[in-house]
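Here's the structure, in structure tokens; my notes come after.
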Amino acid sequence: MSKVCQITGKRPSAGNNVSHSNRKTKRRFLPNIQKKRIFNPQTGQWEKMKISAHGLRILNKRIK
């Protein structure tokens with residue numbers, strides 16, 4: 001499953017794990033992706049989408 005939000009375009013970013021002794025190893029920061037069914041009023045159908053939690057908040061704000 002790709003970790004890309006279909007609303008905001010958020011995708012994984014890279015960084016470092018830093019230990020107590022300050023050693024650095026690479027890691028990934030993954031977006032909080034959820035599978036949701038969203039109603040599309042233009043087509044009148046439900047669509048399955050992969051949306052980040054931030055993208056869900058944007059949709060809820062624009063709907064209200």
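Coordinate-derived values only; no laboratory data. Model, not experiment: these values are computed from the prediction. As a convention, Cβ positions derive from the backbone with ideal geometry for all residues, glycine included, and neighbour counts pool all protein chains shown.
Pop out the ³J(HN,Hα) list for region 3-18 in order, Karplus 6.51 cos²θ - 1.76 cosθ + 1.60 with θ = phi - 60°, rounded to Hz; leave Gly and Pro as x.
Values, residue by residue: 9, 10, 6, 7, 9, 9, x, 4, 9, x, 10, 10, x, 10, 7, 10 Hz.
At most 14 other Cβ atoms within 10 Å and a DSSP loop assignment: could you name the trypsin sites (Lys or Arg not before Pro) in region 19-62 that fit?
Values: sites: Arg23, Lys24, Lys26, Arg27, Arg28, Lys35, Lys36, Arg37, Lys48, Lys50, Arg57, Lys61, Arg62; in loops: Arg23.
Filter output for region 19-62: Arg23.
What number comes out for the charge environment of Ala53, summing +1 per Lys or Arg and -1 per Asp or Glu over other residues with Cβ under 11 Å away?
Numbers: positive: Lys10, Lys36, Arg57; negative: none.
Around Ala53, the charge tally is +3.
Long-range amide H contacts for Ser52: which residues qualify at under 5 Å (H placed 1.01 Å from N, peptide plane, sequence gap of 5 or more or a different chain)?
Amide H neighbours of Ser52, under 5 Å, 5+ apart: Gln6, Ile7, Thr8, Gln34.
With charges only on Cβ, +1 for K and R and -1 for D and E, what is the dipole size of region 7-60 about its Cα centre, in debye, rounded to 20?
Details: 13 positive and 1 negative charges, 67 e Å.
Dipole size: approximately 320 debye.
Within a Cβ distance under 14 Å of Arg11, other residues only, what is the Lys/Arg minus Asp/Glu net charge? Display every interim value, and only then the final one.
Working: positive: Lys3, Lys10, Arg28, Lys50; negative: none.
Here the charged neighbours net out to +4.
Need one number: % antiparallel among DSSP beta bridges in the chain, to the nearest 5. Intermediate values should be presented prior to the final figure.
On the way: 14 of 14 bridges.
In the chain, DSSP labels about 100 percent of beta bridges as antiparallel.
Run the quick spin-label model on Ile7 and Asn22: label points 7 Å from Cα toward the beta carbon, then report their separation in nm to one decimal.
4.2 nm
In Å, what Kirkwood hydrodynamic radius results for region 13-63 from the alpha-carbon pair distances?
On the way: mean 1/r = 0.0727 Å⁻¹.
So the Kirkwood estimate lands at 13.8 Å.
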